[in-house]
1. Roughly what % antiparallel, to the nearest 5, for the DSSP beta bridges in segment 352-462?
2. So, in nm, how far is label Ser602 from label Gln451 when the simple model puts each one 7 Å beyond its Cα toward the Cβ?
3. In square nanometres, what is one fourth of the surface area of the convex hull spanned by the alpha carbons of segment 181-220?
4. Under a Cβ-only charge scheme (Lys and Arg +1, Asp and Glu -1), can you give me the dipole magnitude of the chain about the Cα centre, in debye to the nearest 20?
5. Report, for the chain, the % of DSSP beta bridges that are antiparallel, rounded to 5.
6. With Cβ to Cβ distances under 15 Å as the rule, what net charge do the other residues near Thr545 carry (K, R +1; D, E -1)?
7. Given the Cα-Cα distance of Ala88 and Asp360 and 0.36 nm per residue of separation, how much length would full extension add, in nm?
8. Work out the count of Lys pairs in the chain where the Cα-Cα distance is under 15 Å, with the pair 8 or more places apart or on different chains.
Amino acid sequence: MTTAAPTRTILSERVVSNRRFAILQFQPAAGALSTWSAPALAELAEALWSLDTSRVDAVVFHGTGRVFGAGADLDEFRTSTRWEDGAAIATRGYDIFDAISRLDVPTVAVIQGPALGGALELALRADYRVAASSVKAFGLPEVSLGLIPGWGGLTSMARLIGPARTRHIAVAKSLNGDHLSAADALKEGIVDAVLDDEDLLEAALRWTSSLLDGADSVGNPAVDTGAGSAVERARDAIPAAAAVSDLLALWQEREHTATGPSSQPGDRTGIRLAAGEDPIREDTVRTFATLLQSNESRASIYAFDLLQEARKNNRAGKDLELANVGVVGGGLMAVQLALVFAEHSTAQVLINDLDQERVDKALERVSAQLDRAVRRGRLTVQRRDEIRGRIHGTVRLEDFYPCETVIEAVFEKLEVKRQVWNALERIVAPDTLLLTNTSALSIDDQARALQHPGRLIGFHFFNPVAVLPLIEIVQGVNTSSTTVEKAFALARTLGKTPVLVQDRPGFVVNRLLTRLFSEVLQLIDYGSDPFTVDHALDPVGLPMTPLRLLQFIGPQVQLHICESLHKAYPERFPLSPSLARVAQEGLPGYLADDGSILPEASHLLPPAQPADADEIRARILSAMSDEAQHMLSEGVVSGPQQIDLCMILGANYPFHTGGLTPLLDRETGSSFNPILHAAVPSRG
C-alpha cells in the first residue's frame, strides 16, 4: 500500500499506577494506513535514539487509526530493480528493529488494529503484546507476495512459539490468505493479553504496571514449553515458501537459547537481552534481496495490486437494495445462490422448482447448510434462524411477481432456459433484473426468448459460491447499460468482485480451464501415462491437478462445457471419448481418493505409455497462452489483467503465478505482461 505522507512516530511519557512509560505512538497520514516506508522508519529510528530509558520503567509502542500497521510500503518493492535495492530495504528495517531489541527496559506493543507483515515483525520485537479484542488480522503475509519476512520476524516468532508453528503462520496461512484474530493470537502465544477496545492504551498500561509489580505474570517463550518441533528443509514449488523452511531450519542449527542470570520465569526482557543477535540476519537479508527481484515476487505484487484496485473500484459504487429475490431451480447451485442472497441482504428469497418434493428437498439443503455453519462457528443460532426465516419455496412461478431480481440455476439446456425467461417475462415487472448463472450458454441466445432482451445479463458465480469471490458479469449485444450497472451494484451487495465479460463461449474461466482439460484429455486418450499428464503442472504450483479439478467440477458438467466450446471452436476443443464414457457411466471422475486412476476409468483408456512431463507442461501452457490470445483478440475482456483477476478469484490461481498471464510469459515466451518477466539478477 502507498501512503501520501510517512507514518509519524510521536514520543511522549505517561505515569500510570506509579510507573512511568515512554510511549511511541504511530500516526498515519489522514485517510491512510500506517506503513513502514523509508521516511517512516527513519522517524521511528530518531524516536528510538532520543529515548532515555533511565527515566522510564517501560517503553510502549502503540498504533493509532484503523490498523496497527499494514507492513512495508510496497512502492519501494515495485521500484526495486537491483539486488542491492532489496538488501538495503531489509538491512534498513533490521537495523531499526534491532534497536528495539536492544532496549534495556521492558517493552510492550499495544495493538489496536490489524498487524501484518513488518508491523507484526515490529510488535514481535517487544517483550509483551497486548491486543484489542476486535483485532481480526495478525499475520506474516510476505510469502503470498513471493517474499519472506525481511526484518527479523522469523527469528522473533520462532523464539516465541517455535519454528514449526512459525512456518505454519508464515507459509500455510500466508498462502491461504488466513490471518489470526486476537483470540487466535492469544492461543498461539503471540499475544499475551486481549483487552476491550475502549480505553485500550490506558488498560494496557495498567496491565503492564501490574506485570512489572509482580501482581500478574506471563509464561516464557516456546523454548521453555517445548512448542517447537523440527522444521525440515522444503522442496516447495514456491521459492519463498521453500526459503522460509530453509531459514527456519538454519535458525534451529544456530540458535542457542541463552539463560542469563536475569532469565527468571516471566522475565521476557532478560530472555530477550540474553538471546543476542538474530543468527540468520545476513541469510535473511540475502534471501529477501534475491526474492524481491524474482519473477514470482513481481507476479505476486502484480496480483496483489490487481485485487486491491478491483476492491477499491467495487467499494466506490452503491449497493443494490433488495426486498424480494427469486431463484429458479432447486438444485445444489440454486441452494447456494439462495443462501448468498439471504446472507448478504435482508431480502425475502423464494426458491422455485417443478414439484413440491423438489422444493422441500431444496429447503432441507438450505437448513442443512445453515446448521453446518453454526457447528463450524461461522453463524450464531440467532443469525441462522433469521436467514432461514427469509428463504421460502414455491412450485408456482407466478409467486415471483414482486421480485426485483430473479436468477436462474436450471439445467444447462438452451431450450429450458428460454422457457423460463418466456414464462417469467409475463409475470415480473418490466424493470425486474433477470440473471442467468449459465456457465457456457450464450446470453444473446437466451435473450431471444424475451420481448425486452436488454434486462437479461449473465451473472456467473463459481463453486463453492460462499468461498470464491468472482462473478463474471456477461454482457450480451442487447444488454442495456442500466442492467450492467444494476448487476455491478448487486455484486457489491453480495460481497463479490465483478468482472465485465463479453458474451463469447465459455466466458473467461471456463474457456481457459476447458482448453487445459482438452489438452490433458487428448493426451490421455492417445495413450500418455495419466499420472504423468495429471502431475505435469505440479512444478507451477497450481491449486489442483487437472483431473482432480475435473472431479471437483463433475464429469457431466464439464462434458457439457466441452461440447459447447467444441461447437464454437472445434479445432481447439476436440471432444474426449473417455470423458463422454466417464460421464455416461456415472463415474465421479478419473481419480481414486489417493490420486491414482480409478480401475473403472482405467478400462476406458488405452494402455499407458511413458510420457515426458516437461514436454506435456509446455504443451498445456502453450495451449492456454494461445487461448488467452484468442480471447483478447475477440474482446472477451479488456486486457490480460481481467484474465488474471478472473483466474485468481474464480479458479483460485495463486499470487505467485500472477493469475495466469505472467506465468504464461515466463513459461511460454508470450508477452502479455513483459514488464513482469525478467531473470533473477545476480548480486552486484
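No lab work stands behind these numbers, since they all come straight from the coordinates. All figures in this text were calculated on a predicted structure; none of them were measured in a lab. Neighbour counts run over all protein chains shown; Cβ positions are idealised from the backbone, glycine included.
1. Numbers: 0 of 8 bridges.
Here the share of antiparallel DSSP bridges comes out near 0 percent.
2. Output for this residue pair reads 6.1 nm.
3. On the way: hull surface 12.2 nm².
Over every viewing direction, the Cα hull of segment 181-220 projects on average to 3.1 nm².
4. Values: 63 positive and 85 negative charges, 162 e Å.
Here the size comes out at about 780 debye.
5. Details: 14 of 62 bridges.
Here the antiparallel bridges make up roughly 25 percent for the chain.
6. Working: positive: Arg548, Arg617; negative: Glu519, Asp529, Asp534, Asp538, Asp593, Asp594.
That works out to -4.
7. Values: separation 272, 0.36 × 272 = 97.92 nm, distance 6.41 nm.
Additional length available on full extension: 91.5 nm.
8. Numbers: Lys136/Lys173; Lys136/Lys187; Lys312/Lys496; Lys318/Lys486; Lys318/Lys496; Lys413/Lys567; Lys486/Lys496.
So the count works out to 7.
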